[in-house]
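> Let me give you the structure first, and then I'll get to my questions.
The values are calculated or read from the model by the stated rules, or taken from the named source; none is laboratory data. Since the model is a prediction, treat every value here as computed from it, not as a measurement. Please note: Cβ atoms are built from the backbone with ideal geometry, for glycine as well, and neighbour counts cover all protein chains shown. Heads up: the accessible areas ignore ligands, DNA and RNA and are worked out on the full protein's heavy atoms, side chains in. Shrake-Rupley method; radii C 1.70, N 1.55, O 1.52, S 1.80 Å.
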Amino acid sequence: MLACLTNLLSNMQQSALIPHLFRTEYRKVIAVLCKRFGFDQIEIAEDIASDTFMSAAQTWPLQGIPESPVAWLYTVAKNKARNYLQRKTTFANKVIPETSNRNDTATLPDYEIDLSPQNINDSQLQMMFAICHPTIPPEAQIGLSLRILCGFGIEEIADAFLTNKETINKRLFRAKEKLREEKISIELPPAEALEGRLASVLTTIYLLFSEGYYSISNNKVFRKELCIEAMRLCYMLVENKYTNKPAVNALLSLMCFHASRFEARIGKNGEYVLYDEQDTTLWDTDLISKGAYYLNLSASGEQLSKYHLEAAIAYWNTQKDDTREKWENILQLYNRLLQIEYSPMAALNRTFALSKANGKQEAIIEAEKLQLTNNHFYFTLLGELYTGIDTHKARHHYEQALALAKTATDKQTIQRKIDGIGKPMC
Amino acid sequence: MDEYMLIFRHEDGNKIASPEQIQIWMNQTMEWIGGISAKGKFVGGNGLPFEGSKVVWSQGVVTDGPFGEIKETIGGYIIVKADSFDEAVAFAKGSPVLLGEGNSVEVRKIDKHDV
Amino acid sequence: MKEYLLVYRTDFNNMPKPTAEEMQALSKRWMDWIGSIAAQNKLGNRGNRLEVSGKVIKSDGTITNGPYAEIKESIGGYSIVKAESYDAAIELAKGCPVLTVGGNVEVREISQVQ
């Protein structure tokens, strides 16, 4: 799994050392510091983490890059945290001795920060559950995840949401307020609450992935990193015995299958390449087999989550051959998925699968029932279903789709389909 | 633990009882369900008003009803968790529906095999 | 949107025994039918199938085996659909596969007050 992620990463532009380390180490330092200080002092944890990288940026160009840059960063972070904790204790002892607890002064204060791999891992996992607490609004969960769990810069986050730094800062500020108000503790949920809490963690991971996969942002590198980050977080859950549940494996499988088409689905100019037109040699076979591996692992237990169904659909989509078996399976998976969670896209995809499994006539009747008349995909589907049956209707539906489509890419795609009507079907 | 459906059959209360009487039945029902809930074994349920009910047959035939073979019609149902058929039957026996002459409760095990 | 209970009834005793292929075809029709309702965002709850055996408790305290003996067709399962009106719910019920094997669908509005 990690090898896959590293491969994906190595395809990306080589970044400079400090930004690269910021991306990989900031989130570890911040998780450990937050866990230690609590959300009450999250800003201080952020300051210490940021100052650490600032020190590196100031020192390294002058003194040369240390032999072990990561160890250097950890030492500096530890020192800064120790100084802070000492100052705080001194202040507490000198200024407000009457309010300080006697027991506190009896035991020796421990100023050490534990940046061992084990504690980093534990802190990050606990942080994941804290940030994805159901009382935190989804938008805030995403923002905090991007910043604290993934260590993205404010500017990158602003770019991804096509907004400015001020907006993101405000959003993060409110989210942190919320964490304090709700008195969210940084720990793994107890066993009886695990299922529910895990569900909201998975929702956020999937949102992060989708943000990268379907984002309107043109920054392909960032989008890919976002997908990788979502997969990394999910992988952490799979690696931990306590959180390694079937639905987690299913979600990881789903993301592997999707990510396998990352290169194939975005063209040279950032435009989407439709599934049928993708160059399958660009599909990442390593990720496809990882997807199959985790899909197998997900098939235990009794709960059938939407991730299981979506992963199974994604599996069938890696099978390029247009067999009856494939489409019958996809149809039944969509039938089930829609029972768990309705979405217009799932309804449209189900109807497309129906046309392949049961024939166009039945699919047309079903499609007319959907009445998703403000959705250009709906009319594109109708156009496709009528192609070869009623050219006039096909064209009419495509034209309605064209009128509703917003992006140039979507319009081009529909126009190509209009041009294709009447040509022999392959 | 399995789930069982308890189906109530009785006459249309609105036709045979005063609003006050219906209120009493409602309270009795609430109490009965409360007892099952207290054991953590109540899953859900619904009341089904008699008015407007229909039966759909093949070839698009629709009839009023079902008021054919027996006069008691389904008036509602609840779903309970139970370790055995006997436990589900014991729950059913406490239903205030059975206070009315000719009424009945059908107990059916839910088939969980088709996940 | 109101919710309606669809109660599926069949005469189990007088149903011809289906072959394995017929069973599979029927099962696909059920899945496609429920999927169709779900795709229209009109499924409240897919509901459940009920096992054939059962018990009936009467007001006089007698308990009989099996589903209701006085009624030829017994309840095989139920679903809950969302519809604007009784008529719309009936339209949905008309596509139910139980109708192709001699069964019927009782359509009942669910009481809004609980």
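> Rolling a 1.4 Å sphere over the protein heavy atoms, what is the accessible area per residue of the protein assembly as shown, to the nearest Å²?
Ligands and nucleic acids excluded, the result is 50 Å² per residue.
> Over chain A, with a Gaussian network built from C-alpha contacts below 10 Å, which listed residue (A:SER145, A:SER68, A:SER343) shows the highest mean-square fluctuation?
A:SER68
> What FRET efficiency do you get for C:THR100 and A:THR407 if R0 is 51 Å and r is their Cβ-Cβ distance, rounded to the nearest 0.05?
So the FRET efficiency works out to roughly 0.70.
> Of all alpha-carbon pairs in the protein assembly as shown, indicate the percentage at a distance above 34 angstrom.
The answer is 58 percent, as a whole percent.
> Still on this structure: Taking the convex hull of the Cα atoms, report for chain B its projected area averaged over all directions, in nm².
Details: hull surface 35.0 nm².
Averaged projected area of chain B's Cα convex hull equals 8.8 nm².
> Among A:HIS133, A:MET236, A:PHE161, flag the residue with its Cα farthest along the positive direction of the charge dipole of chain A, charges on Cβ as +1 for Lys/Arg and -1 for Asp/Glu.
Checked the options; the winner is A:PHE161.
> Further question on the same structure: Place +1 on the Cβ of every Lys and Arg and -1 on the Cβ of every Asp and Glu in the protein assembly as shown, take the dipole about the Cα centre, and give the residue among A:VAL29, A:ALA71, A:TYR334 whose Cα lies farthest towards its positive end.
Value: A:ALA71.
> For labels at B:ALA38 and A:ASP322 in the simple 7 Å Cα→Cβ model, what's the distance in nm?
6.5 nm
> Here is a follow-up. Given points 7 Å out from each Cα along the Cα-Cβ axis, report the A:MET345 to B:ALA90 separation in nanometres with one decimal.
Inter-label distance under the simple model: 5.0 nm.
> Once phi is turned into ³J(HN,Hα) by the Karplus curve 6.51 cos²θ - 1.76 cosθ + 1.60 with θ = phi - 60°, what whole-Hz value does each residue of the stretch B:12-26 show in order, with x for glycine and proline?
In residue order, the calculated couplings are 5, x, 4, 8, 10, 9, 7, x, 5, 4, 4, 4, 4, 4, 4 Hz.
> Turning to a different aspect of this structure: Bin width 5 Å, origin at 0, all Cα-Cα pairs of the stretch A:246-325: what percent of pairs per bin?
Percent of pairs per bin, in order: 3, 17, 25, 19, 18, 11, 5, 2, 0.
> Which log10 I(q)/I(0) values does the stretch B:24-82 give at q = 0.14, 0.17, 0.23 Å⁻¹ under the Debye formula, counting every alpha carbon as one identical point scatterer?
-0.57, -0.73, -0.95
> Binning at 10 Å from 0, report for the stretch A:310-426 what percent of all alpha-carbon pair distances ends up in each bin.
Cα pair-distance distribution for the stretch A:310-426, in percent: 14, 41, 37, 7.
> Further, regarding this structure: Give me log10 I(q)/I(0) at q = 0.16 Å⁻¹ for the stretch A:372-426, Debye formula, one equal scatterer per alpha-carbon, no solvent.
Each listed q maps to, in turn, -0.39.
> With r as the distance between the Cβ atoms of A:GLN63 and A:ASP114 and R0 = 25 Å, compute the FRET efficiency 1/(1 + (r/R0)^6) and round to 0.05.
The formula returns an efficiency of 0.40 here.
> If you don't mind, there's one more thing I want to ask. Looking at this model, which pairs from A:LYS356/C:LYS94; A:LYS176/C:LYS2; A:LYS224/A:LYS360; A:LYS170/A:LYS290; A:LYS411/C:LYS82 are more than 32 angstrom apart at the alpha-carbon?
Working: A:LYS356/C:LYS94 24 Å; A:LYS176/C:LYS2 41 Å; A:LYS224/A:LYS360 37 Å; A:LYS170/A:LYS290 39 Å; A:LYS411/C:LYS82 35 Å.
From the list (A:LYS356/C:LYS94; A:LYS176/C:LYS2; A:LYS224/A:LYS360; A:LYS170/A:LYS290; A:LYS411/C:LYS82), the Cα-Cα distance tops 32 Å for A:LYS176/C:LYS2; A:LYS224/A:LYS360; A:LYS170/A:LYS290; A:LYS411/C:LYS82.
> Take the alpha-carbon centre of the stretch A:155-202, take the same for the stretch B:4-19, and report the distance between them in whole Å.
A separation of 50 Å, based on Cα centres.
> Additional query: B plus C alone minus the pair: what accessible area, both sides summed, probe 1.4 Å, in Å² to 100?
Counting protein atoms only, the buried area is about 3900 Å².
> I would also like to ask the following. For chain C, which whole-number percentage of the solvent-accessible area (1.4 Å probe, protein heavy atoms only) is attributable to carbon and sulfur atoms?
Accessible surface attributable to carbon and sulfur in chain C totals 51 percent.
> Just to be sure I follow the rule: in the stretch B:2-115, considering lysines 8 or more places apart or on different chains, how many pairs have Cα atoms under 27 Å apart?
Within the stretch B:2-115, the lysine pair count is 20.
> Moving on to the next point. For chain C, set up a GNM with springs between Cα atoms under 10 Å and report which of C:ALA38, C:ALA89, C:ALA25 has the largest fluctuation.
Result for chain C, Cα springs under 10 Å: C:ALA25 fluctuates most.
> Continuing with this model, one more query. In a Gaussian network model over chain B where Cα atoms closer than 10 Å are linked, find which of B:LYS41, B:LYS93, B:LYS54 has the largest mean-square fluctuation.
Evaluated over chain B, the most mobile residue of the options is B:LYS54.
> Among C:GLY47, C:ILE63, C:ILE90, whose Cα sits farthest toward the positive end of the charge dipole of the stretch C:2-109 (+1 at Cβ of Lys/Arg, -1 at Cβ of Asp/Glu, about the Cα centre)?
C:GLY47
> Which whole number in µm²/s is D for the stretch C:2-109 by Stokes-Einstein, with the Kirkwood Rh taken over Cα pairs at 4 °C and 1.567 mPa s?
87 µm²/s
> Give me the distance between the Cα centres of the stretch C:50-101 and the stretch A:113-151, rounded to whole Å.
Using only Cα atoms, the two centres lie 50 Å from each other.
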